[in-house]
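Reading through the structure tokens given below for one structure.
Derivation of every value follows stated rules applied to the coordinates shown; laboratory data play no part. Predicted model, so just to flag it, every value in this text is computed and none were measured. Cβ sites come from the backbone with ideal geometry, for glycine too, and all protein chains shown count toward neighbours.
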């Protein structure tokens, strides 16, 4: 725990806000790349995508030093994945209805929750 209280009680400075922003963008990039890889090389791509997400979420915890380090990239990952699951008016979509897509969605969320809640 940081000196002087919990991480949420610490004042926000520019470096902390910038690091959360960078982690958010990295989460969106990992989510987009994972969406492409998991469908292209099943089942190895699914494992690679989930390991990449887990590495980013855990790395965020280690770099920031608090659980909020996993929440920022998880939020970016979730935003990117949800935008990619929505179908367009033309009927195009990136995620097909299959076991790999659902495993990526649910597995990524489970990994994010594990990294954000485990000490």
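Sort 14, 104, 42 so the one with the fewest other Cβ atoms within 10 Å of its own Cβ comes first. Write down the numbers at each step before the final one.
Values: 14 7, 104 25, 42 16.
Fewest to most other Cβ atoms nearby, the residues stand as 14, 42, 104.
Answer rounded, prolate or oblate for region 20-76, using the Cα gyration tensor with square roots of eigenvalues a ≥ b ≥ c: rounded when a/c is under 1.5, else prolate when a/b is larger than b/c, else oblate. Note, shape of region 20-76 comes out prolate.
What shape does region 12-117 have by the C-alpha gyration tensor, where a ≥ b ≥ c are the square roots of the eigenvalues, rounded means a/c under 1.5, and otherwise prolate means a/b greater than b/c and oblate the rest?
Numbers: a/c = 2.60, a/b = 1.68, b/c = 1.54.
Verdict is prolate for region 12-117.
Length gained on full extension, residue 13 to residue 67, computed as 0.36 nm times the residue gap minus the Cα-Cα distance: 17.7 nm.
Using the number of other C-beta atoms within 10 angstrom as an exposure proxy, rank 41, 77 with the fewest first.
Details: 41 14, 77 28.
Going from least to most buried by this count: 41, 77.
When you restrict to C-alpha pairs under 8 Å that are six or more residues apart and normalise by the size of region 12-117, the relative contact order lands at 34 percent.
Residues 71, 37, arranged from fewest to most other Cβ atoms within 10 angstrom of their Cβ, appear as 37, 71.
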